Every structure is written in structure tokens, then in C-alpha cells.
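The structure under discussion appears below in the form of C-alpha cells.
The values are calculated or read from the model by the stated rules, or taken from the named source; none is laboratory data. Please read these numbers as outputs of a predicted model, since none were measured by experiment. FYI the Cβ positions are ideal-geometry reconstructions off the backbone, even for glycines, and counts take in every protein chain you see. Note: areas computed on protein heavy atoms with side chains; ligands, DNA, RNA excluded. Shrake-Rupley method; radii C 1.70, N 1.55, O 1.52, S 1.80 Å.
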Amino acid sequence: MSDTIQTQTANLPLEATVLVPRLWDQKTLAAYIGKSIAWCERARWKNEGPKFIHLGRNVRYKVEDVLNWIESEGAK
């Protein structure tokens with residue numbers, strides 16, 4: 001099946017290509033920034049941490065948003 005998908009996408013024009021952002025869960029975020037999962041939850045509830053999205057009941061963070069948040073926090 002993956003061969004079929006690769007063949008189909010190889011024939012698409014460049015304009016049809018979509019870049020999908022990489023998403024992290026809270027565990028990955030916590031490990032990356034050196035904080036606990038509980039800190040990530042509290043920061044999310046207080047709107048103090050990186051931007052997040054809900055996928056159903058799951059919370060995910062776009063890597064780009066995390067990096068932007070780190071950059072903006074460093075400027076404070």
C-alpha cells in the first residue's frame with residue numbers, strides 16, 4: 001500500500017505538495033523544555049505556555065509554536 005501512495009504522490013505537481021507540521025504531545029514537550037508534564041498542563045490552563053491544539057481529547061503542540069514561544073520567552 002505504501003508503494004501505491006508513493007507512486008501517486010510522485011506524480012503530483014509541486015503545488016499539490018502539503019507540508020504537515022510536526023506535532024508533539026505533552027510528554028515530548030516536557031522533555032524538550034526540561035519541565036514536568038504537570039508544569040505543561042498548568043501552563044496550558046493559565047495560557048502561559050506554548051500555543052496548543054486539540055485533536056479530539058488529545059493536546060498537541062506544533063514544533064514551530066514551541067520554538068516561537070521559547071524565542072519570545074527569552075526576550076522577556
List R60, R42, R22, ordered by accessible area with a 1.4 Å probe, largest first:
R22, R42, R60
Counting only heavy atoms of the protein chains, get the accessible area per residue of the range 17-57 (1.4 Å probe) and round it to a whole Å² value.
80 Å²
Size of charge dipole - the range 11-76 - debye, nearest 20, with Cβ of Lys, Arg +1 and Asp, Glu -1, no other charges
340 debye
Excluding residues fewer than 8 positions from K35 in its own chain, the aspartates and glutamates with Cα under 18 Å of it are D25, E48, D65, E71, E73
